[in-house]
1. Tell me, what ³J(HN,Hα) does each residue in region 48-58 have, in order and in whole Hz, if you take phi through Karplus 6.51 cos²θ - 1.76 cosθ + 1.60 with θ = phi - 60° and put x for Gly and Pro?
2. Once a ≥ b ≥ c are taken as the square roots of the eigenvalues of the Cα gyration tensor of region 7-98, is the result rounded (a/c under 1.5), prolate (a/b larger than b/c) or oblate (a/b not larger than b/c)?
3. Given a cut-off of under 8 Å on Cα pairs at least six residues apart, what relative contact order in percent is computed for region 7-98?
4. Using θ = phi - 60° and the Karplus relation 6.51 cos²θ - 1.76 cosθ + 1.60, list the HN-Hα couplings for region 30-46 in order, rounded to whole Hz, with x at every Gly or Pro.
5. Compute, for region 7-98, the length of the dipole vector about the Cα centre, with Cβ point charges of +1 (Lys, Arg) and -1 (Asp, Glu) only. Units Debye, rounded to 20.
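No lab work stands behind these numbers, since they all come straight from the coordinates. None of the values given here were measured: they were computed from a predicted structure. Glycine also receives a Cβ, built like all others from the backbone with ideal geometry; neighbour counts cover every protein chain displayed.
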Amino acid sequence: MAWTENWQPILNKPDWEYDAAVQWRTDPQTGEYITYKDSPGTIANGIRTYVNESGQTCEVYVRCRQTAHPERILGEVSKTYYDNRNWYDYLYSYIHNHITSYQYIDH
């Protein structure tokens, strides 16, 4: 490995980290792929950024691991999804708490 790892927590995904030191698609020393060979976009600070077919900008943590198993590198995790997770949780909570179901009325 040609870089010094820089493990950082993944927001909204407890007990997971990503390597913020990754800047390349392949390890400059070994030539081995760090991320998927044909993955689109650019990599900076451990995050791959690309535009999907719908025109949405997406971000992906490239090199991830669980803190309970730091020796096991597990690949990519969607930064876009987890960054928006608080919004989804809020929306679900709002709907669940403010929209009531129909009540049965006995005539």
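1. Listing the rounded values in order: 9, 10, 8, 10, 7, 5, 8, x, 8, 6, 10 Hz.
2. Oblate shape, in that a/c is at least 1.5 and b/c is the bigger or equal ratio.
3. Value for region 7-98: 24 percent.
4. 9, x, 6, 6, 8, 10, 5, 4, 9, 5, x, x, 10, 10, 8, 6, x
5. 20 debye
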